[in-house]
């Protein structure tokens with residue numbers, strides 16, 4: 001076997017929990033092979049570089065061997081080399097700023113003036 005479907009491969013090396021998750025990622029243009037978007041049926045060969053966007057981070061893997069069957073986590077390094085820089089991994093755990101807006105109970109809906117003040121506040125944070 002010299003090639004396998006990208007969705008099967010990503011499921012087999014435990015990048016995604018289910019094959020349907022891998023298929024959805026491919027259909028959502030979150031998976032690239034050699035810089036081009038990959039559909040779920042795209043064939044992966046040894047030596048290909050795969051980029052996967054998960055949230056704000058982009059994970060990069062190099063295909064060492066192809067496989068169709070899911071394996072234990074200890075065997076994954078034999079089939080895929082993780083080329084993801086540490087800076088990308090930190091993006092997943094970066095703290096997010098949260099704004100808590102609270103209105104007094106019974107104050108009703110915000111007026112136009114309240115809404116403008118809120119938009120101004122949110123605009124300065126972006």
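Just so you know, all these numbers are worked out from the coordinates, no wet-lab data involved. Note that this is a predicted model, so its numbers are computed, not measured.
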Pick from 45, 30, 112 the residue whose mean-square fluctuation is largest in a GNM of the chain, springs joining Cα atoms under 10 Å. 112
Under a Gaussian network model of the chain whose springs join Cα atoms within less than 10 Å, the largest fluctuation of 110, 40, 56 belongs to 110
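From the helices alone, meaning DSSP H stretches of at least four residues, give me the mean residue ellipticity at 222 nm for the chain, per-run term -39500 (n - 2.57), in deg cm²/dmol to the nearest 500.
Details: 5 runs with 41 residues, N = 126.
Helix contribution divided over all residues of the chain: -9000 deg cm²/dmol.
Quick check: from the Cα gyration tensor, does the chain come out rounded (a/c under 1.5), prolate or oblate? The partial results should precede the final answer.
On the way: a/c = 3.13, a/b = 2.86, b/c = 1.09.
Judged from the Cα gyration tensor, the chain comes out prolate (a/c at least 1.5, a/b above b/c).
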If you fit an axis through the alpha-carbon atoms of helix 112-125 and take the longest principal axis of the Cα set of the chain, what angle between them do you get, 0 to 90°, nearest 10? 40 degrees
Top mean-square fluctuation among 89, 113, 70, Gaussian network model of the chain, C-alpha springs under 10 Å? 113
